[in-house]
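Values in this text are rule-based calculations from the coordinates and carry no lab data. Model, not experiment: these values are computed from the prediction. Note: ideal-geometry Cβ built from the backbone for every residue, glycine included; neighbour counts use all protein chains shown.
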Amino acid sequence: MFHVIFESTRSALVSILAHGLRSFLTTLGIVIGVASVIAVVSLTQGMSAFIGESFSSLGSNSLTIQSHTPIAEQMRGVRARLTPEDLELIERRGEGIASITPILYANRSTQVRYAAQTTFSQIMGTTYAYRDVAQSWVQRGRFIAESDNLTRRRVAVIGETVREDLALPENPVNEYVDLGGEWFKVIGLLEPKGEIMGFNQDDIVLVPYATMVSLSGNQARQDIQIQLSLSEDAEVADVTRQLTALLRNAHDLGPDEDDDFTINTPEQLMETFDTIINMVTLVIGGIVSISLLVGGIGIMNIMLVSVTERTREIGICKAIGAKRHHILAQFLIEAMLLSLLGGLIGLALGYGFGTAISSSIESFPPASIPLWAAALAMGFSAFVGILFGILPAAKAANLDPIDALRYE
Amino acid sequence: MAAKESTGPGENAPLIRLRDIAKHYEMGSQLVRALDGVSVEINRGDWVSFIGSSGSGKSTFLNILGCLDRPTRGQYFLNGAYVEELGPNQLAEIRNREIGFIFQSFNLLPRATALGNVAQPLIYRRIGYRRRREMAREALRRVGLEDRVDHLPNQLSGGQRQRVAIARALVTEPSILLADEPTGNLDSRTSADIMQLFDQLHREGQTLILVTHEEDVAGLGDRVVELLDGKIIRDRRAGEPLA
């Protein structure tokens, strides 16, 4: 068996090299197929690695609690809410919490104006504790203080993007900006944090929580978010369980009812993104791998032509003692080698494409090929070669020696 | 080899014994009797020529003798084996071990060198690369082509190609050399050279079977068998005058 494979590989290589250009064109379909698969996978995997890094900057020991209304409930006009009372409750009875802050988002993106410049930004009402929870530090001026909150001071801490959009000076502290019709004094400028998945973390305006509450009108309908960071010895799972129990009790939820809130960690968010990216990789990879099948059909085509062309040679080999499996192995291995060589070239090309694309688009993470993808691409190429080599090889092996020898 | 010796003849038995061999084809609705009851015996070391015009059944006869085809009827005993009982793989084995083919159109592998062509049958015997090339080189030396080992067939003259083919047939040390119009594609001088080579091989003890339509080629052997319409019509010593 080994002897047959060895000799067939030798003669297949001779045959492939003898028709260099034709062999290359034959396997071009595989080259393109593997190259596209690898390019897609390397780009999405590079993105996934990048997202992992981005999220670790958020701090892995923080939790976000949000209200959650299932779609079915929403249709009935019911909206779950997290209220300031929930915040108080957690502040009072929650365990393992280092710092906690409410966040009240403006209902919609709000217009921000400075002199003649206007922009739209995300405005959040929060407290001094946000700095620790969100790992958000000021580079100029100061952060929101407790006293700002108590006196509902109209002050704002802005992100770098907002400063640029409004053409504020390098040091915007003590300038006044117009937030949805109210004047706020800028007291601080945040350090830039960059983007996560297209969400610009620097396009943000922070104002004191109480100020935000007073500006948002109808307080009964307010739905806040609660962010908290855990003390060092606390376990995410334990805290989550305790808070869930607290909130379920406070919201009078029966044992059969689902939570009307969600507790998220950045890790969960990251996992969600990872899941999405893996799905995207799989779907695009799947679509692209159809081209591998097309490539396989190309190989089958040329192999069939090659069998016809070499009918006489096959007859000669049979006359001098080649058995069925000798001929079968020769053509099967030739198809597989062709496909595998195409796969190798495609691998290199795909990595090249991925790198070229990722480096030509600014802020795009560098491409990376996981080993499993390379191995899978090679394995699939070989499989395609064998699959589409079977028909031509069987045709060759089943030739009648007399007919084959007589073939002109 | 799937030899079967049970009812096999002893040491002095002929190398080849054909009994009442027939080969019938269906062509459309017509039954063609390409061979119709041929019986012949050939001894070890003989040089036998089969002669006949086209349509006499000599090609079919050659195919059966060469184990490329199986008879419709009859018994073919070759060097200890009853060939008609064997399957395709066993026939391939017989062709590899017992028979050396020499064709009118040489039938060399176009992309292999002279050495590669001669070494080819040894692949099917699972002989390693280096040993194979050694044996092939020796066979090429026997036919006087030791200085052409690395030439491709299309770089060789017709006579040289036929010598490569003979070397390929010899390299497996077969019990019979089976030549089909070996000089059909050669000019008369080269033909003479090739026939001389056959003569030399015969004198070294090689069993030779030639199929031809040329009387002067057939006449060089020990024995001439004439075929007509699928039957043997004459079996005579070479040199005997024709009827």
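Taking every residue in B:89-98, how many Cβ atoms of other protein chains lie within 10 Å of its Cβ, on average?
The mean count of partner-chain Cβ atoms within 10 Å per residue comes to 4.
What whole-number volume per residue, in cubic angstrom, does the convex hull of the C-alpha atoms of segment A:120-188 give?
89 Å³
Using the alpha carbon gyration tensor of chain B, what are the three equivalent-ellipsoid semi-axes (square root of 5 times each eigenvalue), largest first, in whole Å?
Its equivalent ellipsoid spans semi-axes of 29, 22, 17 Å.
Kyte-Doolittle mean at least 1.0 and Cα extent at least 30 Å along the axis: which DSSP H helices of chain A qualify?
Qualifying helices: A:20-56, A:266-309, A:324-360, A:371-397.
Expressed in nm², what is the orientationally averaged projection area of the convex hull enclosing the Cα positions of segment B:108-173?
Projected area, direction-averaged: 3.8 nm².
Need one number: nm distance between label points at residue A:135 and residue A:258, each 7 Å from Cα along Cα→Cβ, rounded to one decimal.
3.1 nm
Return the lysines within reach of residue B:231: Cα separation strictly under 30 angstrom, same-chain partners fewer than 8 residues apart disregarded; answer none if there are no such residues.
Cross-link targets: A:318, B:4, B:23, B:58.
How high is the relative contact order of segment A:62-265? Use alpha-carbon pairs under 8 Å, at least six apart in sequence, and give a whole percent.
35 percent
Any idea what Rg and Dmax come out to for segment A:233-347 if you just take the C-alpha atoms, in Å?
Values for segment A:233-347 (Cα only, Rg and Dmax): 30.2, 90 Å.
Just to be sure I follow: if Rg is taken over the C-alpha atoms of segment B:42-115 and Rh is the Kirkwood radius over the same atoms, what is Rg/Rh?
0.99
Taking the Cα centre of chain B as origin, sum charge times position over the Cβ atoms of Lys and Arg (+1) and Asp and Glu (-1), and report the length of that vector in debye to the nearest 20.
That gives chain B a dipole magnitude of about 840 debye.
Taking a cut-off of 20 Å between Cα atoms, list the aspartates and glutamates near residue A:185, but don't count ones fewer than 8 places away on the same chain.
Within the straight-line limit of under 20 Å, residue A:185 reaches these aspartates and glutamates: A:146, A:148, A:160, A:164, A:165, A:170, A:175, A:202, A:203.
Multiply the residue gap between residue A:272 and residue A:233 by 0.36 nm, knock off their C-alpha separation, and tell me the result in nm, one decimal place.
Fully extending the segment from residue A:272 to residue A:233 adds 11.4 nm.
Where a ≥ b ≥ c are the square roots of the eigenvalues of the C-alpha gyration tensor, would you call segment B:72-157 rounded, which needs a/c under 1.5, or, failing that, prolate if a/b is larger than b/c, or oblate?
The shape class here is prolate.
Based on DSSP loop calls and a cut-off of at most 10 other Cβ atoms within 10 Å, the longest stretch of chain A free of exposed trypsin sites (Lys or Arg not before Pro) is what?
A:109-408
Summing +1 for each Lys or Arg and -1 for each Asp or Glu, what net charge is found among the other residues whose Cβ lies under 9 Å from the Cβ of residue B:39?
Around residue B:39, the charge tally is 0.
Compute for segment B:19-77: radius of gyration divided by Kirkwood radius, i.e. Rg/Rh, restricted to C-alpha atoms, rounded to two decimals.
A ratio of 0.99.
Can you list which of the GluC sites (Glu not before Pro) found in segment A:103-172 are DSSP loop residues with at most 10 other C-beta atoms within 10 Å?
Here the GluC sites (Glu not before Pro) that fit, given the DSSP loop and packing criteria, are A:170.
Along the principal axes of its C-alpha atoms, what lengths does segment A:62-265 span, in descending order and rounded to whole Å?
Taking max minus min along each principal axis of the Cα atoms, segment A:62-265 gives 56, 42, 36 Å.
How crowded by other chains is B:63-73, given as the mean number of beta carbons from other chains within 10 Å of each beta carbon?
Average neighbour count from other chains, rounded to a whole number: 2.
Report the dimensions of the protein assembly as shown along its three principal axes from the alpha-carbon atoms, largest first, rounded to Å.
The Cα atoms of the protein assembly as shown stretch 138, 55, 49 Å along their principal axes.
For segment A:1-88, max minus min Cα coordinate along each principal axis, in Å, sorted largest first?
81, 35, 31
Given +1 on the Cβ of Lys and Arg, -1 on the Cβ of Asp and Glu, and no further charges, what dipole in debye does the protein assembly as shown carry about its Cα centre, rounded to the nearest 20?
That gives a dipole near 2660 debye.
Quantify how strongly other chains surround peptide A:398-406 by giving the mean number of their Cβ atoms within 10 Å of each of its Cβ atoms.
That average works out to 3.
Beyond 23 Å, how much of the Cα-Cα pair distribution for segment A:279-380 remains, as a whole percent?
Considering segment A:279-380, 45 percent of its Cα-Cα pairs are separated by more than 23 Å.
How big is the dipole moment of segment B:108-173 about its Cα centre under a simple scheme where the beta carbon of each Lys and Arg is +1, that of each Asp and Glu is -1, and everything else is neutral? Debye, nearest 20, please.
220 debye
Identify, among A:351, B:151, A:338, the residue whose Cα sits farthest towards the positive end of the charge dipole of the protein assembly as shown, taking +1 on the Cβ of Lys and Arg and -1 on the Cβ of Asp and Glu, with the dipole about the Cα centre.
B:151
Along the charge dipole of segment A:62-265, pointing to its positive end and built from +1/-1 on Cβ of Lys, Arg, Asp and Glu, which listed residue (A:156, A:230, A:122) has its Cα farthest out?
A:156
Using the alpha carbons of segment B:162-243, what is the convex hull volume per residue in cubic angstrom, as a whole number?
Dividing the Cα hull volume of segment B:162-243 by its residues yields 109 Å³.
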